[in-house]
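What follows is one structure encoded as structure tokens, with my remarks underneath.
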Amino acid sequence: MNTTGNSNRDIHEPVSSAQKIVIGLLRVLLPPHSDNENAADYLRVNIGQKNSWIEWTVVRPDNLINDDNVTGYSLHSSPTRSAIFDPGKTSRINVAHFMTQLILNDNLWNKWKGQMPVIYNDKDETK
């Protein structure tokens with residue numbers, strides 16, 4: 001699990017200049033943020049998307065919230081909103097549900113392996 005604040009450098013993800021500045025500050029001031037970036041980069045660069053021994057997916061939720069029940073959620077190749085200036089919400093239980101489905105559903109795994117999907121709660125996506 002990672003964060004929408006970490007861009008997938010394998011694809012073009014447009015980010016505003018202001019967000020780039022804030023992410024740069026987070027990188028310096030909050031070591032866990034740079035740890036998240038480094039972990040995802042290690043998988044992307046060192047392991048790669050077609051490694052015959054290791055398959056991976058980096059799940060990127062937005063602003064994490066608590067919820068008691070799984071609700072609808074949407075999956076995207078890239079963030080659909082600004083992680084800093086217009087964050088969406090993603091419940092921890094939805095992240096857990098999606099990660100479980102990646103294990104149980106071969107079609108879902110094959111769609112997202114070697115990628116960094118973004119997950120948002122459906123009810124927040126309408127903002």
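The values are calculated or read from the model by the stated rules, or taken from the named source; none is laboratory data. Just so you know, these numbers come straight off a predicted model, no measurement behind them. Every residue, glycine as well, gets a Cβ built from its backbone with ideal geometry; the counts of neighbours run over all protein chains shown.
Would you mind stating whether SER78 is hydroxyl-bearing (Ser, Thr, Tyr), at pLDDT below 95 and assigned to a loop (DSSP other than H, G, I, E, B)? For SER78, the condition - hydroxyl-bearing (Ser, Thr, Tyr), at pLDDT below 95 and assigned to a loop (DSSP other than H, G, I, E, B) - is not met. State whether one or more residues within the range 53-70 are assigned to a strand (DSSP E or B), of a type in the set (D, E, K, R) and within 28 Å of VAL22 (Cβ to Cβ). Within the range 53-70, one or more residues are assigned to a strand (DSSP E or B), of a type in the set (D, E, K, R) and within 28 Å of VAL22 (Cβ to Cβ).
Against the test of being among the β-branched types (Val, Ile, Thr), more than 15 Å from TRP112 (Cβ to Cβ) and surrounded by fewer than 17 Cβ atoms within 10 Å (Cβ to Cβ), the options THR3, THR71, THR90 yield a single qualifying residue, THR71. Could you go through the range 8-31 and let me know if any residue there is among the small types (Gly, Ala, Ser) and on the phi > 0 side of the Ramachandran plot. No, because not a single residue in the range 8-31 is among the small types (Gly, Ala, Ser) and on the phi > 0 side of the Ramachandran plot.
Just a yes or no: is a residue in the range 94-113 touching a strand residue (DSSP E or B) at 6+ places or on another chain (Cβ under 8 Å) and loosely packed, with under 13 Cβ neighbours inside 10 Å? No, because not a single residue in the range 94-113 is touching a strand residue (DSSP E or B) at 6+ places or on another chain (Cβ under 8 Å) and loosely packed, with under 13 Cβ neighbours inside 10 Å.
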